[in-house]
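Scroll down for the structure; my scribbles are underneath it.
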Amino acid sequence: MKLINKHKNVELIITEKLLTQFGEYGKKHYPNEYGGFLIGYYSADLKKLYISGFVLPKKYKGIPTLFERSVHGIKEIFEKIFSNTKQYYIGEWHTHPNGLTMYSQTDLQAMITIEECKTVKIKNPILLIISVDNNGLLDIKLYLYDNGGLTEYE
């Protein structure tokens with residue numbers, strides 16, 4: 001699947017296989033929210049962003065209307081991924097059980113916190129929201145964080 005963010009003119013590429021995996025995790029944790037970290041890389045000219053995988057948190061809290069994940073042990077995992085593949089953290093994903101793929105104020109605040117974090121060297125994190133029900137994936141929406149706001153990939 002290829003999408004474009006017109007605000008930054010960046011194309012995003014993600015496989016259907018990966019989207020299916022997100023849906024399966026959403027179904028497994030339904031009716032609670034669930035999520036994790038996105039892994040990927042940019043093309044040399046920074047015009048294409050490839051989402052190549054994800055990392056699941058070791059500790060988390062998920063209820064039907066909230067997902068909170070811990071970063072416990074994640075630094076070492078990211079370092080190993082980068083060392084082996086030159087891929088890195090590019091953003092976050094989580095599910096909205098029986099919900100829309102529109103981001104909430106909580107989602108926006110989480111992206112602001114990530115961008116402001118001194119140990120995270122990313123200025124435009126990606127947010128993937130997945131709508132799921134007890135049968136799995138319903139819909140997805142991808143956003144790019146920039147200058148205090150989220151703009152949609154289309």
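The values are calculated or read from the model by the stated rules, or taken from the named source; none is laboratory data. What you see is a predicted model, and the numbers here were worked out from it, not measured in a lab. When we count neighbours, we look across all protein chains shown, and the Cβ atoms used for this are built from the backbone with ideal geometry, even at glycine. These accessible areas exclude ligands, DNA and RNA; they are computed on the full protein's heavy atoms, side chains included. Shrake-Rupley method; radii C 1.70, N 1.55, O 1.52, S 1.80 Å.
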Inset, instruction - Output the number of the condition that Val10 fails; it satisfies all remaining conditions of (1) closer than 22 Å to Leu108 by Cα; (2) modelled with pLDDT of 95 or more. - result: (2)
Inset, instruction - List the strands (runs of 3 or more DSSP E) that sit entirely inside the range 1-120 and contain at least 2 residues that are of a type in the set (Phe, Trp, Tyr). - result: 35-42, 48-55, 88-97
Legend entry - Filtered residues of the range 121-143 (kept if surrounded by fewer than 16 Cβ atoms within 10 Å (Cβ to Cβ) and either outside any strand (DSSP E or B) or hydroxyl-bearing (Ser, Thr, Tyr) (or both)): Lys121, Ile122, Lys123, Asn134, Asn135
Legend entry - Single condition Gly62 does not satisfy, out of (1) surrounded by 15 or more Cβ atoms within 10 Å (Cβ to Cβ); (2) within 20 Å of Leu18 (Cβ to Cβ): (2)
Inset, instruction - For the range 63-78, enumerate the residues that are among the small types (Gly, Ala, Ser) and under 16 Å from the mean Cα position of the chain (by Cα). - result: Ser70
Legend entry - Of the criteria (1) closer than 19 Å to Met111 by Cβ; (2) hydrophobic (A, V, I, L, M, F, W, C); (3) open to solvent by 60 Å² or more (accessible area, probe 1.4 Å), which one Leu38 fails: (3)
Inset, instruction - For Gly91, indicate whether it is surrounded by fewer than 18 Cβ atoms within 10 Å (Cβ to Cβ), in contact (Cβ under 8 Å) with a residue 40 or more places away in the chain and small (Gly, Ala, Ser). - result: no
Legend entry - Answer residue from the range 94-120, given it is open to solvent by less than 40 Å² (accessible area, probe 1.4 Å) and of a type in the set (Ser, Thr, Tyr) and is nearest to Lys61 (Cα to Cα) among those: Thr95
Inset, instruction - Output the residue which, of all residues in the range 13-28 that are buried (at least 17 other Cβ atoms within 10 Å of the Cβ) and not hydrophobic (A, V, I, L, M, F, W, C), is nearest to Lys141 (Cα to Cα). - result: Gly23
